[in-house]
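A.B. asks: Take this structure, written in structure tokens, and hold onto it; I'll ask about it next.
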Amino acid sequence: MNTPLLKHCLSLMALAMILPGFTPQVSAAEKPKILAKLRAALTPDKKPNIVHIVADDLGWKDVGFNGATDIKTPNIDALANNGAKFSQFYVQSMCTPTRAALMTGRYPFRYGLQTIVIPGPAGYGLDTSEYLLPQTMKDAGYTTAIIGKWHLGHGDIKYWPKQRGFDYQYGAMIGELDYYTHSDAGVLDWFRNNKPVKEKGYTTQLLGADAVKYLNEQSADKPFYLYLTFNAPHTPYQAPQDYIDRFEDIKEPTRRTYAGMVSCLDDEIGKVVATLDKKGLRENTLIIFHSDNGGTKNAMFAGQMADLSKTVLPCDNGPYRDGKGSLFEGGSRVAACANWPGHIDAQTVDGIIHAVDIYPTLAALAGASTAKCKPLDGVNVWETISKGKPSPRTEVVYNVEPFRGAVRQGDWKCIWRSLIPTSVDLFNLAEDPYEKNNLAAKHPEKVAAFQDRMNALGKEAAKPLALMYVAKVGLAHGKPAMASEDGKGAVTVEADGHSITDEGVGDQDIAH
């Protein structure tokens, strides 16, 4: 492909296409695509740069390329419309599990992060025996950076990204923070290379500006992997007023603010792409964009910084059922696209891709070995991403927990809630992608096979760290929440040294 003669011929072809009077037998629309492929062919084989952009709680239909009309996302749409738009890109249904899947290439039930997210007061994190994607990329000669949200352990520095393979870190460690104070419950959650940073600014714009600065410092001589993980548009719903004012036509106030958040996110992504262009790095840079889960449709999963039980939740997952935290499609089938000029065909890709597939796919592109990893659940889906070929993935494990699970095999999907009262949903997604018709009663043999599969996966699963943490906190001995008839609260007494085995326990009469 890179022989001197072929390079000379291709150079002449590319030159001819831009000379005045040249009238090729291709349309004007096709000319840029041909030029991009010619340039790619002329470029010496080298490892691509990778910019992996993750949005937070973005609704499937809250981008233009999936049909949004009230929210404008021209920069994200340009990436999608000139690259691969994914119709079946899956993640886990909540933040921490998805981020763990991306970093490990393994389903989160294998190391205990399958249930909810890591709470702010919790001290656990992603098992340090897992060999993470940035470590593998570093082994292949990449410079690595995370700019944005981590959410894979914050209570012990051993879980932090600088300790897990990232050369550079900037942003938040926990899952939810105020966009202006960069804090939660008065605790600062904003760091650069492990050191707290006190600065003013809106987090989306700060992250975008830092990404631009980082890219400007990069050289074409050394490949980089940038994990750019915005916390937008996760709660709390906050946006600069000038962005909110862009959407006066949206009458519902929370949706209007949310639209401003998404618009700001889109602008920052546009600045990142423009920087790559200006630096001459764009043609050797793969950009992947997706949300970490579906948009929030249930206030239970809308964060803890504010009571949103009476708020009209603003996310739109289009025709897909439910949203964040759910095992229905709206929880984990997300807006996603990939773009790399000359390497990814512009088309809608219908093949199934899961978050765990990103690790082996990027490793293969980087020429990196995964020998240090534990057995991966992900598979290399590059031919699916770049050419739209059938996906090698035939199964998706939405999740496996002690109380519920869901698996897709081919077109069939089963959701099993094992707690009493138990329930089973069975759908043919090819015929019913919006999960309106439960076919469990008609296909008991399929249900039984899926339940066997989920039981087998459950036997491989680690205990959910979140449930262990909640049980420890909830069952810890503490002061009883004792009511009183006079409203003055519980009566307190001094400890008398008795243990629960002493015969005298209960002898004291307590009176006001």
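A.B. asks: Return only the number of the condition from (1) without any contact (Cβ under 8 Å) to a residue 40 or more places away in the chain; (2) among the hydroxyl-bearing types (Ser, Thr, Tyr); (3) in a loop (DSSP other than H, G, I, E, B) that residue 361 does not satisfy.
C.D. replies: Only one criterion is unmet by residue 361, namely (3).
A.B. asks: Please specify each residue of the stretch 155-202 satisfying the condition of being crowded, with 16+ Cβ neighbours inside 10 Å and aromatic (Phe, Trp, Tyr).
C.D. replies: Result: 159, 160, 166, 168, 170, 179, 190, 191, 202.
A.B. asks: Just one of 99, 106 is at pLDDT 95 or above and either in contact with a Pro (Cβ under 8 Å, 6 or more places away or on another chain) or assigned to a strand (DSSP E or B) (or both); which is it?
C.D. replies: It is 106.
A.B. asks: Restricting to the stretch 436-467, count the residues that are within 24 Å of residue 319 (Cβ to Cβ) and under 23 Å from the mean Cα position of the chain (by Cα).
C.D. replies: Counting residues in the stretch 436-467 that are within 24 Å of residue 319 (Cβ to Cβ) and under 23 Å from the mean Cα position of the chain (by Cα) gives 0.
A.B. asks: Restricting to the stretch 404-428, and then to whatever is closer than 20 Å to residue 98 by Cβ and of a type outside the set (Gly, Ala, Ser), can you tell me which residue is surrounded by the fewest Cβ atoms within 10 Å (Cβ to Cβ)?
C.D. replies: It comes out as 404.
A.B. asks: Let me ask something else. Please work out which one of (1) more than 17 Å from residue 54 (Cα to Cα); (2) hydroxyl-bearing (Ser, Thr, Tyr); (3) in a helix (DSSP H, G or I) is the condition residue 326 fails and give its number.
C.D. replies: Here residue 326 clears every test but (3).
A.B. asks: Checking residue 301 against (1) modelled with pLDDT under 95; (2) over 30 Å from residue 162 (Cβ atoms); (3) among the aromatic types (Phe, Trp, Tyr): exactly one of these is not met. Which one?
C.D. replies: (2)
A.B. asks: Ok, one more. Collect the residues in the stretch 440-456 that are outside any loop (DSSP other than H, G, I, E, B) and in contact with a strand residue (DSSP E or B) (Cβ under 7 Å, 6 or more places away or on another chain), keeping them in residue-number order.
C.D. replies: Selection gives 440, 446, 447, 450, 451, 453, 454.
A.B. asks: I'd like to check something: does the stretch 296-316 contain any residue that is in a helix (DSSP H, G or I) and surrounded by 23 or more Cβ atoms within 10 Å (Cβ to Cβ)?
C.D. replies: Scanning the stretch 296-316, I find at least one residue that is in a helix (DSSP H, G or I) and surrounded by 23 or more Cβ atoms within 10 Å (Cβ to Cβ), so the answer is yes.
A.B. asks: Additional query: Which one is farthest from residue 56 (Cα to Cα) among residues in the stretch 185-228 that are among the polar types (S, T, N, Q) and in contact with a Phe, Trp or Tyr (Cβ under 9 Å, 6 or more places away or on another chain)?
C.D. replies: Ranking the qualifying residues of the stretch 185-228, first place goes to 218.
A.B. asks: Just a yes or no: is a residue in the stretch 71-83 small (Gly, Ala, Ser), over 12 Å from the mean Cα position of the chain (by Cα) and either part of a loop (DSSP other than H, G, I, E, B) or over 25 Å from residue 275 (Cα atoms) (or both)?
C.D. replies: Yes, the stretch 71-83 contains a residue that is small (Gly, Ala, Ser), over 12 Å from the mean Cα position of the chain (by Cα) and either part of a loop (DSSP other than H, G, I, E, B) or over 25 Å from residue 275 (Cα atoms) (or both).
A.B. asks: Restricting to the stretch 233-270, give me the number of residues that are farther than 14 Å from residue 205 by Cα and within 22 Å of the chain's Cα centre (by Cα).
C.D. replies: 8
A.B. asks: Are any residues in the stretch 128-147 without any contact (Cβ under 8 Å) to a residue 40 or more places away in the chain and in a loop (DSSP other than H, G, I, E, B), and if so, which ones?
C.D. replies: Answer for the stretch 128-147, where residues must be without any contact (Cβ under 8 Å) to a residue 40 or more places away in the chain and in a loop (DSSP other than H, G, I, E, B): 128, 132.
A.B. asks: A follow-up question, please. Do we find a residue being under 46 Å from the mean Cα position of the chain (by Cα), exposed (fewer than 10 other Cβ atoms within 10 Å of the Cβ), of a type in the set (A, V, I, L, M, F, W, C) and at pLDDT below 80 anywhere in the stretch 491-500?
C.D. replies: no
A.B. asks: Considering only the stretch 235-264, how many residues are hydrophobic (A, V, I, L, M, F, W, C) and in contact with an Asp or Glu (Cβ under 9 Å, 6 or more places away or on another chain)?
C.D. replies: Within the stretch 235-264, residues that are hydrophobic (A, V, I, L, M, F, W, C) and in contact with an Asp or Glu (Cβ under 9 Å, 6 or more places away or on another chain) number 4.
A.B. asks: Sticking with this structure for a sec: If you check residue 181 against the conditions, is it under 27 Å from residue 104 (Cβ atoms) and not aliphatic (A, V, I, L, M)?
C.D. replies: Considered against the rule, which asks whether it is under 27 Å from residue 104 (Cβ atoms) and not aliphatic (A, V, I, L, M), residue 181 comes out as no.
The values are calculated or read from the model by the stated rules, or taken from the named source; none is laboratory data. Treat the numbers as computed from the prediction; the structure is a model and nothing was measured. Note: ideal-geometry Cβ built from the backbone for every residue, glycine included; neighbour counts use all protein chains shown.
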